[in-house]
Amino acid sequence: MARKLSVKDVEVEGKRVLVRVDFNVPMDDAGNITDDRRIRASLPTIRYLLDKGASVILATHLGRPKGSVVEKLRLDPVARRLQELLGITVKKVDTVVGEDARAAAEALQPGEVLLLENTRFEPGETSNEEGLARALASLADLYVNDAFGTAHRAHASTEGVARFLPGVAGLLMQRELDMLGEVLGEAQRPFTAVLGGNKVSDKLGVINNLLGKVDDLLTGGGMCFTLMRAMGLSTGASLVEEEQVDAVREALKRAEGMGTRIHVPLDLVVADRFAEDAETRVVDARDIPEGWMGLDIGPRTVEAYREVILASRTVFWNGPMGVFEWGPFEGGTRGVAQAIADSEAVSIIGGGDSAAALRKFGLEDRVSFVSTGGGASMEYLEGKELPGVAALRDA
Ligand code: ADP
Ligand code: MG
């Protein structure tokens, strides 16, 4: 994808700027925000615009109200939290593009912030309806997309609006594109990708797009068993996606021709059932007992993977090495995360569960970059064009 203009490349002083953020934060039943990281992630963009003398109109979705007003999904708690974090008043209106939204946008002065209501209260949001896109565009002079996590969706506030207003990338969006772009572009070699997680079907697009770009592909998690099956190894009762075996075999063959070494585990932590308190054993990956399932990579594998990671200059990681949510099966993910933290490589982490694992082990600050976009980062790494990015002005 072509490089995009960012908010730093354009004049913003005195302008009304509509910023699409991803403030889709988790909330408890009482409506308290349980994790405000997504709000914090866009503070640099908001502060930059305010410092430069722009007025800032924020738009975000929250949850899945499916085109109608859901009281629990109003953005008032988000406005309050943003106000605490910014330390200045955040105005909030109860519609997305209604009369009050228009009036508040028009009255907004440089240095002031307005939060529109949940964009998904509008039925035209997810259907990318032109009327809504035009109405959003009419509120401002410039559009900034900082919502990388929603950039794989062509919605009115992420894509349509940029047809009626010049659009540029926010600072978070820019950093996501730069860091993930490194994975696809000029990564320093040796370059190692560590892929795990649940299903190989979610990862095959990324695997195929990384072949030839990475020197070593280290696999674990549930997905490695379909690889092992495709290699002719027995997998016991482990998670295997039978319908993916042919596609995986194809990828393995291509990898050979493209100079990417694909590694599968040497040993495994196996369990007699899928449960936290299952009976467990550490076995050679070639000797999975009948009826047992691999729920983590074993210590020899961690050691071998660690060596590859420590010899790398770039590491991309997506997908835990095991069922890390359960203590008995967290060791592989912890070991790999620790190796990535210890390495001097540029390290880029994608995927919600991988990021959660890093946090669980307290290693979040020891890597170069943790992507805020789960689905969006995977689609980007599959080589797909993200509509919310494509709609922005080329540099
Ligand atoms: P990410 O969100 O980082 O992209 P995924 O969503 O692909 O990662 O996968 C995460 C899930 O995979 C975790 O909930 C984890 O419990 C599960 N998982 C990891 N290893 C296994 C395994 N061997 N068998 C079954 N599930 C697994
Ligand atoms: Mg996940």
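The values are calculated or read from the model by the stated rules, or taken from the named source; none is laboratory data. The structure presented is a predicted model; accordingly, all values stated were derived computationally and were not measured. As a convention, Cβ positions derive from the backbone with ideal geometry for all residues, glycine included, and neighbour counts pool all protein chains shown.
Quick notes
- One residue stands out in the range 323-340 among those that are over 27 Å from G181 (Cα atoms) and crowded, with 17+ Cβ neighbours inside 10 Å: the one that is nearest to ligand 1 (Cβ to nearest atom), namely V323.
- Checking each residue in the range 99-142 for being surrounded by fewer than 15 Cβ atoms within 10 Å (Cβ to Cβ) and either outside the structural domain of L18 (by TED's automatic domain parsing) or of a type outside the set (D, E) (or both) picks out A103, A107, Q109, G111, P123, S127, G131, S138.
- With respect to the conditions (1) in a loop (DSSP other than H, G, I, E, B); (2) within 17 Å of N24 (Cα to Cα), L139 lacks only one, and its number is (2).
Residues are listed down the side, and each one gets a yes or a no for (1) more than 22 Å from G373 (Cα to Cα); (2) within 16 Å of ligand 2 (Cβ to nearest atom); (3) aromatic (F, W, Y):
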{"site": "V282", "(1), (2), (3)": "yes, no, no"}
{"site": "R286", "(1), (2), (3)": "yes, no, no"}
{"site": "V315", "(1), (2), (3)": "no, no, no"}
{"site": "G319", "(1), (2), (3)": "no, yes, no"}
{"site": "E325", "(1), (2), (3)": "no, yes, no"}
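- Flag if G362 is assigned by TED's automatic domain parsing to the domain that holds D215, more than 21 Å from R20 (Cα to Cα), more than 14 Å from the chain's Cα centre (by Cα) and in a loop (DSSP other than H, G, I, E, B): yes
- Among the residues of the range 61-102, the ones that are part of a helix (DSSP H, G or I) and either in contact (Cβ under 8 Å) with a residue 12 or more places away in the chain or under 18 Å from G31 (Cα atoms) (or both) come to 16 in all.
- Positions within the range 7-26 being outside any loop (DSSP other than H, G, I, E, B) and not aliphatic (A, V, I, L, M), in sequence order: K8, D9, R16, R20
- Filter pass, T372 being away from ligand 1 (no atom under 12 Å from the Cβ) and at pLDDT below 95: yes
- Members of the range 365-395 that are closer than 25 Å to N145 by Cβ, in a helix (DSSP H, G or I) and either over 15 Å from the mean Cα position of the chain (by Cα) or of a type in the set (A, V, I, L, M) (or both): A376, M378, L381, P387, V389, A390
- Of the candidates A230, A247, A237, A193, the single residue that is more than 21 Å from the chain's Cα centre (by Cα), under 30 Å from V389 (Cα atoms) and in the same structural domain as F274 (by TED's automatic domain parsing) is A247.
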